[in-house]
Amino acid sequence: MRSAGPGLYVHIPFCSKKCLYCGSVSFSGRQAEAGRYLRALEREASCRPAFKPATLYVGGGTPSELSCEQMGSLLASLSERFGSLEALREATLEGNPESLDAPKLDVLRRAGVRRLSIGLQTTEDRLLKAIGRRHSFADFERVYQEARGRSFSLSVDLMLGLPGQSLSGALASLKAVLRLDPGHLSLYCLHVEEGTPFAAEGLAVDEDLSREMLEASIELLAKAGYRHYEISNFAKPGRESLHNLNYWENGPYLGLGCAAAGCLGGVRYRNEGELHAYCAKIERGESAAVSSEALAGKEKTGEDLMLGLRLIEGIRLTRPMRRYFASELESLRRRGLIELERSPKTGLPLRARLSRRGLFFANEVFREFVPPYMESSHMRPKHQALPKGTQCGAAAAAPEACT
Ligand SMILES: C[S@@+](CC[C@H](N)C(=O)[O-])C[C@H]1O[C@@H](n2cnc3c(N)ncnc32)[C@H](O)[C@@H]1O
Ligand code: SF4
């Protein structure tokens with residue numbers, strides 16, 4: 001399975017309300033700053049060296065919080081700078097049911113966005129309320145049908161292990177979504193993120209129940225014709241997320257916006273994460289990046305391995321992978337967490353993949369390949385549309401000051 005090539009990620013950090021579990025960089029009640037933010041984004045894009053993306057992912061936060069006019073002007077400026085969105089291999093926007101409607105869907109289609117990732121989380125309205133969502137299942141169904149009527153390729157996010165969610169409830173949610181027949185599904189086990197209201201109240205996830213939910217969901221999805229291609233992602237044939245495949249293959253990507261990460265020319269960077277500070281930096285003609293580093297040697301190899309192991313088909317082992325991590329790979333195999341495919345001639349391991357058991361203890365596996373100081377970002381659960389700290393290959397320039 002190969003990605004489409006370099007990706008362009010654009011972060012829209014606005015939400016109608018912060019969900020009680022969410023630790024992503026997003027702000028509620030600050031939509032009035034969207035005009036200033038979009039101007040800063042446009043300026044940041046114009047200062048980047050030439051870049052030809054194969055895919056676009058407008059994520060968040062909640063990009064559908066933008067008005068029709070704002071969405072239209074953002075997408076027009078991206079296509080002016082990076083080429084027609086219609087011509088990309090894939091162009092996705094993340095949206096929430098409470099802020100998507102027919103006029104916005106029309107704007108997206110006209111601008112060349114053909115794929116929509118809609119956050120549902122669960123079909124149980126009482127749970128939606130309990131986790132701080134602003135929409136009902138009926139709202140989702142309405143938006144979903146509007147989008148389907150406009151021929152969007154659709155992906156739906158669901159969560160497992162929510163407080164008060166039962167195994168039968170989680171499976172009923174999944175079955176209800178399967179009846180709608182989306183091409184792609186992401187299934188995330190709840191992770192209690194630092195700094196969220198769930199963490200403040202000391203919520204503990206029942207890991208065994210979450211695993212049971214995931215295991216049963218995997219069976220159900222396989223029967224329904226979905227291929228499990230990444231720890232948390234499932235697709236009908238040919239409907240995999242090309243943009244995210246590029247992350248897992250450690251490919252190059254340009255990230256624009258507040259808190260966005262990018263990885264170009266073997267250098268990865270992360271932008272300022274506070275909305276006002278991001279805009280102010282750009283307005284002063286400075287680079288928005290607050291960190292940048294070039295990884296090499298064992299660190300880079302470990303990241304390649306860790307990201308590649310997220311894919312269910314696993315990763316082809318390179319010579320550096322075998323050299324740096326021979327004992328870790330062997331010990332993980334002995335513990336039953338990974339499977340190694342060996343050369344019949346030499347016995348050398350050629351390929352590694354998570355075992356069925358490893359799938360449920362993936363963080364234990366990844367820990368072997370990542371120095372401790374990077375664990376917190378890499379050990380995030382599944383919603384890694386924007387993985388932190390990844391290394392990549394293609395030639396381009398490091399972030400630079402912008403005038
Ligand atoms: C960061 S959100 C952005 C998209 C959109 N605003 C939404 O809410 O659907 C992407 C997805 O990450 C997942 N997610 C966010 N926080 C999570 C957490 N703490 N544990 C597990 N999944 C989480 C949710 O399923 C969510 O749909
Ligand atoms: S899950 Fe989505 S809507 Fe909820 S706070 Fe996070 S980014 Fe915003």
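The values are calculated or read from the model by the stated rules, or taken from the named source; none is laboratory data. The structure presented is a predicted model; accordingly, all values stated were derived computationally and were not measured. Every residue, glycine among them, receives a Cβ derived from its backbone with ideal geometry; neighbour counts consider all protein chains shown.
Is it the case, given these coordinates, that V177 is under 24 Å from C19 (Cα atoms), of a type in the set (V, I, T) and not in a helix (DSSP H, G or I)? Show your work before the answer.
Working: under 24 Å from C19 (Cα atoms): yes; of a type in the set (V, I, T): yes; not in a helix (DSSP H, G or I): no.
Judged against the criteria, V177 is not a match.
Which residues, counting only those in the range 76-110, are within 16 Å of ligand 2 (Cβ to nearest atom) and not in a helix (DSSP H, G or I)?
T92, L93, E94, G95, N96, L100
Among what's in the range 116-140 and is of a type in the set (A, V, I, L, M) and within 15 Å of ligand 1 (Cβ to nearest atom), pick the residue that is surrounded by the fewest Cβ atoms within 10 Å (Cβ to Cβ). Steps first, please.
Our first condition is that a residue be of a type in the set (A, V, I, L, M); within the range 116-140, this holds for 116, 118, 120, 127-128, 130-131, 138.
Retained after the next criterion (residues that are within 15 Å of ligand 1 (Cβ to nearest atom)): 116, 118, 120, 127-128, 130-131.
Working: L116: 25, I118: 22, L120: 26, L127: 20, L128: 22, A130: 15, I131: 20.
Looking at residues that are of a type in the set (A, V, I, L, M) and within 15 Å of ligand 1 (Cβ to nearest atom), I get A130.
Give me a count of the residues in the range 49-72 that are at pLDDT 95 or above, of a type in the set (G, A, S) and away from ligand 1 (no atom under 16 Å from the Cβ).
3
Given the residues S64, S73, which is the only one that is buried (at least 17 other Cβ atoms within 10 Å of the Cβ), assigned to a helix (DSSP H, G or I) and within 16 Å of ligand 2 (Cβ to nearest atom)? Walk me through it before giving the result.
On the way: S73 fails: within 16 Å of ligand 2 (Cβ to nearest atom).
Exactly one residue qualifies, and that residue is S64.
Given V143, V113, which one is among the hydrophobic types (A, V, I, L, M, F, W, C), in a loop (DSSP other than H, G, I, E, B) and within 16 Å of ligand 1 (Cβ to nearest atom)? Steps first, answer last, please.
On the way: V143 fails: in a loop (DSSP other than H, G, I, E, B).
None of the others qualify; the one that does is V113.
With the condition kept exactly as written, say whether any residue in the range 190-208 is buried (at least 17 other Cβ atoms within 10 Å of the Cβ) and closer than 25 Å to G238 by Cβ.
Within the range 190-208, none of the residues are buried (at least 17 other Cβ atoms within 10 Å of the Cβ) and closer than 25 Å to G238 by Cβ.
Could you say whether any residue in the range 96-106 is small (G, A, S), at pLDDT 95 or above and over 25 Å from L256 (Cα atoms)? Walk me through how you get there before you give the answer.
Of all residues in the range 96-106, those small (G, A, S) come to 99, 102.
Keeping just the survivors that are at pLDDT 95 or above gives 99, 102.
Now narrow it down to the ones that are over 25 Å from L256 (Cα atoms): 102.
The answer is yes, given that some residue of the range 96-106 is small (G, A, S), at pLDDT 95 or above and over 25 Å from L256 (Cα atoms).
What pairs can you find where one residue is in the range 117-132 and more than 14 Å from E98 (Cα to Cα), the other is part of a strand (DSSP E or B) and within 10 Å of ligand 1 (Cβ to nearest atom), and their Cβ atoms are less than 8 Å apart, with a gap of 6+ or different chains?
Final answer for the pair search is T122/L158; T122/M159; L127/Q121; I131/Q121; I131/M159.
Could you look through the range 257-281, keep only residues that are crowded, with 24+ Cβ neighbours inside 10 Å and not basic (K, R), and pick out the one that is farthest from the chain's Cα centre (by Cα)? Can you show your working first?
Of the residues in the range 257-281, the ones crowded, with 24+ Cβ neighbours inside 10 Å are 257-258, 260, 262-264, 268, 271, 278.
Filter once more, keeping what is not basic (K, R): 257-258, 260, 262-264, 271, 278.
Numbers: G257: 15, C258: 16, A260: 12, G262: 13, C263: 15, L264: 18, N271: 17, Y278: 21 Å.
Taking the candidates together, the pick is Y278.
Residues are listed down the side, and each one gets a yes or a no for (1) assigned to a loop (DSSP other than H, G, I, E, B); (2) hydroxyl-bearing (S, T, Y); (3) more than 16 Å from ligand 2 (Cβ to nearest atom); (4) outside the structural domain of F140 (by TED's automatic domain parsing):
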residue	(1), (2), (3), (4)
R2	yes, no, yes, yes
E33	no, no, no, no
L41	no, no, yes, no
K52	yes, no, yes, no
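Take the range 116-133 and flag every residue that is within 16 Å of ligand 2 (Cβ to nearest atom) and in a loop (DSSP other than H, G, I, E, B).
Listed by number, the residues that qualify are T122, I131, G132, R133.
Please find, among S153, S166, the residue that is more than 16 Å from ligand 2 (Cβ to nearest atom) and in contact (Cβ under 8 Å) with a residue 24 or more places away in the chain.
Within the list S153, S166, the selection yields S153.
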